[in-house]
Structure formats: C-alpha cells, structure tokens
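The values are calculated or read from the model by the stated rules, or taken from the named source; none is laboratory data. What you see is a predicted model; the values in this text were computed from it and never measured. Here the Cβ positions follow ideal geometry from the backbone for every residue, glycine too, while neighbour counts run over all protein chains shown.
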Amino acid sequence: MPISTTGKWSEHWPEVLNGSVKHKEPFTSEGFTLLELMVVMVLISLMTVFAVPALRSTLFSDQLKSSTRKILGLVSEASQEAVKRQSEYSLHFDLDQNSISSNTGQKEETDERRQEGNESSLPGGVRVVDVVSAHGGKQSEGEAVIRFSRKGYVDKTLIHLRDDDGRDMTIMLSPFLGVTRVFDSYVELEDDKVSY
C-alpha cells in the first residue's frame, strides 16, 4: 500500500476497493512446521546420544593421563603424610610388577603395609619406564624409592611413564617448591624444560 504524504487514508480507498492492494494470504510458508522442527530435534538428539559417550571415553579413559593423575595424587599424599607425621615418608615403585606403595621409612611398616594392600598398580596398558633423581641416578628395574623429608621436601625427581601406543609422559617433582610438572614426552634431567 502506498504511503500517503497527506496522511489521509481516504486517498487510497479506490486502490483498496479495486483490488490493486494485495493482502497476505492467511497461511503462508514463511516458517517451519511443527513436524519439521520435531524431525530436526530428533536428529540432534540421536547425534548427541552417539557423540557424547565417544567423547567421554576419549577425554576420561586415557590410561596414560589417568595413571599420571594417580601418581600425582600419591606424591601429594606422601608429602603431606611426611609433614603430618614429622618423619621420613617414601613412595616405592616396583618397576617389575608395575606397582606403587607408600610407607614411613621403617622396615616393619613396609612389610606390614604391603600385606594390608597399600600397594596399588597401574593399568595394564601403562608402565613406569624409570625413575630418575638428581642424587639417586636412574632406576629402570627392580624397586625405585622416592623419599620425602619430614618437611615434605623431595629430591629433584623425574618419573617416566609409557603406554602401549609408545606415548611418553614425564612427571617432575621439584625439591623445595612442592610443585609437580607434567610433560607430554620423555624428558631428561639435563633438558632445558626441567629447569626450575
């Protein structure tokens, strides 16, 4: 409908009466039908049902990262126990059995804790390759021990993990800072990445 410059509608009545002004039809196809919207919602739901479990398994079931988190928890717990008990505390890595145990520095308690089931093992697809410390050297078989002082301090140590796919992960323990760092590769003590 043309816009009136005078503001009077009476000027346009002849156009309305003779049919030159078009009216909208009551049912136009300017939107989506309820059926179309429901089909799209069903498709989105189906894609979500199949995508979310796959995404969850990818994010949360990476055995190498899970093992790294487990060891980080054990390191933190050992440091806190040493401070709490005001005695030396240690983590024992049995590299042949792929297991980890923790205890105070006393021999009787070591045997007792192993019998109580204080030992935990890593998942089948992940193993501790070696444990390297600044003063203790590299231990790649047998038992490697990481000792925590009564103040929770630890020697500068690298724990190397590897999964069945050949991916490596390195956990670095800092002596006095109580900070652990994780690297997505095999890192040596001499590497620049490992500097404080």
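What the table shows:
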{"quantity": "Any chance Gly31 is more than 30 Å from Asn118 (Cβ to Cβ), more than 48 Å from the chain's Cα centre (by Cα) and at pLDDT below 85", "calculated": "no"}
{"quantity": "Whichever residue in the stretch 151-170 is under 17 Å from Glu77 (Cα atoms) and touching a Phe, Trp or Tyr at 6+ places or on another chain (Cβ under 8 Å) and, among such residues, is surrounded by the most Cβ atoms within 10 Å (Cβ to Cβ)", "calculated": "Ile159"}
{"quantity": "Some residue of the stretch 119-126 being within 23 Å of Ser87 (Cβ to Cβ) and either among the aliphatic types (A, V, I, L, M) or at pLDDT below 90 (or both)", "calculated": "yes"}
{"quantity": "Residue that is nearest to the chain's Cα centre (by Cα) [pool: residues in the stretch 166-180 that are modelled with pLDDT of 85 or more and of a type outside the set (Val, Ile, Thr)]", "calculated": "Met169"}
{"quantity": "Subset of the stretch 126-142 (residues that are surrounded by 14 or more Cβ atoms within 10 Å (Cβ to Cβ), in contact (Cβ under 8 Å) with a residue 40 or more places away in the chain and more than 27 Å from the chain's Cα centre (by Cα))", "calculated": "Gln139"}
{"quantity": "Single condition Tyr186 does not satisfy, out of (1) in contact with an Asp or Glu (Cβ under 7 Å, 6 or more places away or on another chain); (2) touching a residue at least 60 places away in the same chain (Cβ under 8 Å)", "calculated": "(2)"}
{"quantity": "Test: residue in the stretch 80-89 that is assigned to a helix (DSSP H, G or I) and modelled with pLDDT under 60", "calculated": "no"}
